[in-house]
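A short write-up of the structure that comes next.
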Amino acid sequence: MRILRGPLPWLLLLLVVATVGMPATKPLFHAMFPALDRPMYEQDSFTALMLAHLWLAGVASLVATIVGVALGIFVTRPAGAEFRGMVETVAAMGQTFPPVAVLAIAVPVMGFGESPALIALALYGLLPIVRNTITGIETVPADTREAALGIGMSRFQMLARIELPLAAPIIVAGIRTSVIVNVGTAAIASTVGAKTLGSPIILGLSGSNTAYVLQGAILLALLAILLDVAFERLAMWLGGWRRPA
Amino acid sequence: MTDAPPIIQLDHVSKIYGGVRAVDDVSLSVAHGTFLAIIGPSGCGKSTTIRLINRLIEHDEGSIRISGEEIRSFREETLRRRMGYVIQSGGLFPHWTVERNIATVPVLLGWKPERIRDRVTELLALLQLDANRFRKAYPHRLSGGQQQRVGIARALAADPDVLLMDEPFSALDPITRNALQASLARIHKETGKTIVFVTHDMDEALRLATQVAVMDRGHIVQLGTPRELLHAPANDFVRGFLGAEDRGLRLLAIETAASRMRPVNGLAAETPAIAAGSDLRQALSEMLATGQHALRVEEAGRVVGELYLDDLVRL
Amino acid sequence: MTEVGRKRLSANRVLLLLLTVGAVSIASLAFVSHARNRLVSGKPVGFIQAAQLAHTAPVTLLAAGVLLLLAPFLFPARAGRWLSLLGSGLTLGGLGWVAGAAAIGLALTGSPSARTSLGAGFWIAAVMALLAAGDAAQRLRLPLSLIWLTALLMLGPFVLLLGLGELNQLSILKEFATRHDVFMAALLRHILLVAGALIPTVLLGIPLGVAAWRRESVRRIAFPILNVVQTIPSIALFGLLIAPLSSLSDAIPLLPRLGISGVGVAPAIIALVLYSMLPVVRNTTEGLAGVPATVQEAARGMGLTRRQSFWRVEIPLALPVILAGLRITAVQAVGLAAVSALIGAGGLGAIMFDGLFANALDLVLLGALPVIFLAVLVDLIFRVATGLTARWSA
């Protein structure tokens, strides 16, 4: 079982146990923070928060991936080539915008709640994916393309069998950036009315309840690290042909 | 056979880039089984010409026909799958194994897995690549010469009518190039494929081709057999390209010892010997090196004739 | 079709899309929205109505801007693109002026507590104008030095309108007027937070980067740790720092008097430095590793000592890459400093979150827009600096 090697399965196990078992650690937090009346966040279950968080960040990342890769493919085709300069400029400029500010702006434009947060995350998450899709497809050598066409592939076959597989490691790196940013920003989205792992943190910060902050922060950090490690594995697998045998 | 249309026919074909005629009014007829070398300096339009044939570039004027049919009547992919295509760098797909690379077109054509497997085995053998070692290897593990062998195998995979090759050996070192030229000559002989081969190396063209087209600034300046070119260059450009000083030696290089030898007439047994298949340039070299003005010609270990210095200079 | 003809058409396709989206959103969405006071939600005011309220001059400016935007349809050469660039600046100014003048018109009829805020129609049209400018600048292949000119061209009309007070009746500026002092203090605090994080980052990060370049062992330890830190979401890192820092300040009475406790500026700066390390260390190492071995050999061959070669050859050649790392770090720090408002570090983020918690949307904008502006400005400054060093070291 190659999949069991490395930290990935253990991190996953740790995250599940920490999420489900968090309430059981109440005595521990009681001992750590004797001054607090309620040392355990109990407004929502941590499992529900984790699932809501995953839903928000996951849907946003999925939309960002689908739209981002499609856009990246479009502007690298002859038909979309003239849009490429603009798309690249927007992607580069947009990435300098702090994600928290983008999230905050979504409120005056679209209102409070989960869906404005979702749209803001998806839009922001789009940028690294578009950028990396373009870069990834660009790095396919010209003679590889010429060989693919010259040997009798259609343009679609060349895209599906040559360009996308060769660009995959770079595209996945973009998705990884996007997902990690989305997971972090989704936590802040609890300030615009979405229930996420950020909720105990924000509540704890505003109510000087360090225990709440710690509970949310631990789960959030674990989730981000787990996803990062998972993407690392995926990237290794996708780039397998590069490895010396 | 003479009634069959030529396998490739170009009629008054031109390609214009921003007012410049990169290929200008080229007409060319390639019979089945021909090994045509298109040769010329860089920018003469030779690479453009072969890309016109498989429609990687569309021609602007004239017509191109394959076995009598206008190439635009085919879907691009269909046309290209009927023609193997080999480029200078090999252009192997780096994320696929050697086997998967060679199988590209058969997979596109939907062949059965067993048939593809057998074909790959056959081609690896034809290109003198050890199947056990190379079948599952990725391209970056291969040397330049091995990559190019795989490139040729890939081009031959679906048994195309025509093989188009764009300077396939020019990035290789001389020893590797020599070995690949020998392999290609053998493949041409064994399979009888029609080959169109772009090169800027005159020795390569003279060694391999049955027909040579010399191009300059978009035109075909001369078309003929290697012998015709060497004996009667059409103009100074062709003469210059053949190498004014080397022309005589090149003439020797296109003929074999067997073609000029005289019957056995009792040359001493210690006279140096040369294989009947060697070219006359090698024969001359042997005479100079050994200080002899005659050689014995051998075939399969048996003396079949004698070759004198006079025989070499006789035109 | 000729090559030139195709190019002209393609220039128009991007512009055509931008103009269409801009026109459709102006026609269908609220240009501004008007509320009797800040508690009730606003009623949408369409562009036609806003234009009627705004009178001739602003509408004329907008029309002139849009006409110039169309220039590439008529002149395909560089001239057309320059005109288009100018046109997008005027369009942006015109949009702002129409909105500002409409707000003045609405203020004449309504109560003093009435508020006019910018609507989705305005925002989308403004973004389209910016994109048109970006497209024109891209096609003109402007050198870095002229990017400043473009920025000036885009913002000039706006700054002028602000100076003339033409926009004063817009709610975000009303909000600014009532909180002028708070805003300025927050802006200053924000800049200090970023600078306070960057200075220790440079002092620690560059030597660490050099050490990592020299020694495999440093690389093997430093990078995984910094990678993990960078992966942890900012809000979680802030949260994780609170507990240890507050127990530390409880245990050592001196620390709170120095301003170090679980919340406030100290944990914010510590977290910002932790985050900022990775890009600086990584780029220092990569920049040094990217110096061609032949150059180093040549330097040594000419008799430079190792130290001389390091300061005169390696560092100057690596500088553009190191500066690029600093740019990433600085831009990132502007955003993280906004998040640090949640742990009481202040700055523009405090205004933004106050607005979010109090449902005061203009306040949110007053906090968030300057954060974005600051990030873009920092990015631009570092890009120009990187460009300059790349030129002289190349």
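The values are calculated or read from the model by the stated rules, or taken from the named source; none is laboratory data. Being a predicted model, the structure only gives us computed values, none of them experimental. Because the Cβ atoms are built from the backbone with ideal geometry, glycine has one as well, and the counts that use them run over all protein chains shown. Quick note on the areas: whole protein, heavy atoms, side chains included, nothing else; ligands and nucleic acids left out. Shrake-Rupley method; radii C 1.70, N 1.55, O 1.52, S 1.80 Å.
Would you pick out the residues in the range A:194-245 that are more than 7 Å from every other protein chain (Cβ to nearest Cβ) and of a type in the set (Ser, Thr, Tyr)?
Correct list: A:THR196, A:SER199, A:SER206, A:SER208, A:TYR212.
Please count how many residues of the range B:58-91 are farther than 16 Å from A:SER154 by Cβ and within 11 Å of chain A (Cβ to nearest Cβ).
Final tally of qualifying residues: 7.
Quick one: which residue in B:SER47, B:SER42 is more than 14 Å from chain A (Cβ to nearest Cβ) and in contact (Cβ under 8 Å) with a residue 40 or more places away in the chain? First the steps, then the outcome.
Details: B:SER47 fails: more than 14 Å from chain A (Cβ to nearest Cβ).
Just a single option satisfies the conditions, and that option is B:SER42.
For the range B:88-104, name all the residues that are more than 15 Å from B:LEU123 (Cα to Cα) and open to solvent by less than 10 Å² (accessible area, probe 1.4 Å).
From the range B:88-104, those more than 15 Å from B:LEU123 (Cα to Cα) are B:88-96; that's our starting set.
Once the filter is applied, which keeps residues that are more than 15 Å from B:LEU123 (Cα to Cα) and open to solvent by less than 10 Å² (accessible area, probe 1.4 Å), the range B:88-104 yields B:GLY90, B:GLY91, B:PHE93.
Which ones in the range C:1-48 are modelled with pLDDT of 70 or more, over 30 Å from C:SER117 (Cα atoms) and open to solvent by 40 Å² or more (accessible area, probe 1.4 Å)?
The answer is C:ARG13, and nothing else.
Any residue that is over 22 Å from B:HIS200 (Cβ atoms) and of a type outside the set (D, E, K, R) - is there at least one of those in the range B:37-59? Let's see the steps before the verdict.
From the range B:37-59, those over 22 Å from B:HIS200 (Cβ atoms) are B:55, B:58-59; that's our starting set.
Cutting the leftovers down to of a type outside the set (D, E, K, R) gives us B:59.
Yes: the range B:37-59 contains one or more residues that are over 22 Å from B:HIS200 (Cβ atoms) and of a type outside the set (D, E, K, R).
Looking only at the range A:127-140, decide whether some residue is open to solvent by 40 Å² or more (accessible area, probe 1.4 Å), within 14 Å of chain B (Cβ to nearest Cβ) and either touching a residue at least 40 places away in the same chain (Cβ under 8 Å) or acidic (Asp, Glu) (or both).
Looking through the range A:127-140, none of the residues is open to solvent by 40 Å² or more (accessible area, probe 1.4 Å), within 14 Å of chain B (Cβ to nearest Cβ) and either touching a residue at least 40 places away in the same chain (Cβ under 8 Å) or acidic (Asp, Glu) (or both).
Taking the range A:1-55 on its own, how many of its residues are touching a residue at least 12 places away in the same chain (Cβ under 8 Å), farther than 16 Å from A:GLY216 by Cα and surrounded by fewer than 13 Cβ atoms within 10 Å (Cβ to Cβ)?
0
Of all residues in the range B:261-300, how many are of a type in the set (D, E, K, R), open to solvent by 70 Å² or more (accessible area, probe 1.4 Å) and within 17 Å of B:VAL313 (Cα to Cα)? First the steps, then the outcome.
Going residue by residue through the range B:261-300, those that are of a type in the set (D, E, K, R) are B:262, B:270, B:279, B:281, B:286, B:296, B:298-299.
Now narrow it down to the ones that are open to solvent by 70 Å² or more (accessible area, probe 1.4 Å): B:262, B:270, B:281, B:299.
Filter again for within 17 Å of B:VAL313 (Cα to Cα), leaving B:262, B:281.
Number of matching residues: 2.
Can you name the residue in the range A:157-167 that is open to solvent by 10 Å² or more (accessible area, probe 1.4 Å) and more than 10 Å from chain B (Cβ to nearest Cβ) and, of all such residues, is nearest to the chain's Cα centre (by Cα)?
To start, the set of residues in the range A:157-167 that are open to solvent by 10 Å² or more (accessible area, probe 1.4 Å) comprises A:157, A:159-161, A:164-166.
From what is left, the residues that are more than 10 Å from chain B (Cβ to nearest Cβ) are A:159-160, A:164.
Numbers: A:LEU159: 25, A:ALA160: 24, A:LEU164: 20 Å.
Within the range A:157-167, the match that is nearest to the chain's Cα centre (by Cα) is A:LEU164.
Inside the range A:192-209, can you point out the residues that are in contact (Cβ under 8 Å) with a residue 24 or more places away in the chain and surrounded by fewer than 24 Cβ atoms within 10 Å (Cβ to Cβ)?
Once the filter is applied, which keeps residues that are in contact (Cβ under 8 Å) with a residue 24 or more places away in the chain and surrounded by fewer than 24 Cβ atoms within 10 Å (Cβ to Cβ), the range A:192-209 yields A:VAL192, A:GLY193, A:LYS195, A:SER199, A:LEU203, A:GLY204, A:ASN209.
Condition check ((1) open to solvent by less than 60 Å² (accessible area, probe 1.4 Å); (2) touching a residue at least 40 places away in the same chain (Cβ under 8 Å); (3) assigned by TED's automatic domain parsing to the domain that holds C:TYR275) across all residues:
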{"position": "C:ARG189", "(1), (2), (3)": "no, yes, yes"}
{"position": "C:ALA195", "(1), (2), (3)": "yes, no, yes"}
{"position": "C:ILE199", "(1), (2), (3)": "no, no, yes"}
{"position": "C:LEU203", "(1), (2), (3)": "no, no, yes"}
{"position": "C:ILE206", "(1), (2), (3)": "yes, yes, yes"}
{"position": "C:GLY209", "(1), (2), (3)": "yes, yes, yes"}
{"position": "C:ARG214", "(1), (2), (3)": "no, no, yes"}
{"position": "C:ILE225", "(1), (2), (3)": "no, no, yes"}
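Given the structure, is A:ILE170 crowded, with 18+ Cβ neighbours inside 10 Å, free of Cβ contacts under 8 Å to residues at least 40 places away in the same chain and more than 9 Å from every other protein chain (Cβ to nearest Cβ)? Don't jump to the end; show me each part of the working.
Details: crowded, with 18+ Cβ neighbours inside 10 Å: yes; free of Cβ contacts under 8 Å to residues at least 40 places away in the same chain: yes; more than 9 Å from every other protein chain (Cβ to nearest Cβ): yes.
It is true that A:ILE170 is crowded, with 18+ Cβ neighbours inside 10 Å, free of Cβ contacts under 8 Å to residues at least 40 places away in the same chain and more than 9 Å from every other protein chain (Cβ to nearest Cβ).
When you scan the range A:141-153, do you find a residue that is within 9 Å of chain C (Cβ to nearest Cβ), in contact with a helix residue (DSSP H, G or I) (Cβ under 6 Å, 6 or more places away or on another chain) and in a helix (DSSP H, G or I), even just one?
Of the range A:141-153, the ones within 9 Å of chain C (Cβ to nearest Cβ) are none.
No, the range A:141-153 contains no residue that is within 9 Å of chain C (Cβ to nearest Cβ), in contact with a helix residue (DSSP H, G or I) (Cβ under 6 Å, 6 or more places away or on another chain) and in a helix (DSSP H, G or I).
Taking the condition of being open to solvent by 10 Å² or more (accessible area, probe 1.4 Å) and within 11 Å of another protein chain (Cβ to nearest Cβ), how many residues in the range A:173-183 meet it?
Here the count works out to 5.
Sort out which residues of the range B:118-151 are of a type in the set (Val, Ile, Thr) and within 12 Å of chain A (Cβ to nearest Cβ), and write them in order of number. Full working, then the answer.
Initially, the range B:118-151 is screened for residues of a type in the set (Val, Ile, Thr), giving B:120-121, B:150.
Answer for the range B:118-151, where residues must be of a type in the set (Val, Ile, Thr) and within 12 Å of chain A (Cβ to nearest Cβ): just B:VAL150.
Keeping to the range A:86-124, report how many residues are more than 14 Å from chain C (Cβ to nearest Cβ) and either in contact with a Ser or Thr (Cβ under 6 Å, 6 or more places away or on another chain) or open to solvent by less than 20 Å² (accessible area, probe 1.4 Å) (or both).
If we filter the range A:86-124 for residues that are more than 14 Å from chain C (Cβ to nearest Cβ), which is where we start, we get A:114-115, A:118, A:122.
Then keep just the ones that are either in contact with a Ser or Thr (Cβ under 6 Å, 6 or more places away or on another chain) or open to solvent by less than 20 Å² (accessible area, probe 1.4 Å) (or both); that gives A:122.
Looking only at that region, the number is 1.
Enumerate the helices (runs of 4 or more DSSP H) found wholly within the range B:87-167, keeping only those where 1 or more residues are without any contact (Cβ under 8 Å) to a residue 12 or more places away in the chain. Working first, answer last.
On the way: elements: B:98-102, B:104-108, B:113-126, B:131-134, B:144-156.
Answer list for the range B:87-167: B:98-102, B:104-108, B:113-126, B:131-134.
When residues of the range A:64-85 are filtered for being closer than 26 Å to A:GLY193 by Cβ and either within 8 Å of another protein chain (Cβ to nearest Cβ) or open to solvent by 10 Å² or more (accessible area, probe 1.4 Å) (or both), how many remain?
Number satisfying all stated conditions: 3.
Inside the range C:301-394, counting only helices (runs of 4 or more DSSP H) that do not spill past its ends, which hold 1 or more residues that are without any contact (Cβ under 8 Å) to a residue 40 or more places away in the chain and acidic (Asp, Glu)?
Working: elements: C:306-309, C:315-339, C:348-357, C:361-393.
The qualifying helices (runs of 4 or more DSSP H) are C:348-357.
Which helices (runs of 4 or more DSSP H) sit wholly inside the range B:232-315 and have at least 1 residues that are in contact with a Pro (Cβ under 6 Å, 6 or more places away or on another chain)?
Values: elements: B:236-242, B:247-253, B:257-260, B:280-290, B:309-313.
Because the criterion is at least 1 residues that are in contact with a Pro (Cβ under 6 Å, 6 or more places away or on another chain), the helices (runs of 4 or more DSSP H) in the range B:232-315 that meet it are B:236-242, B:280-290.
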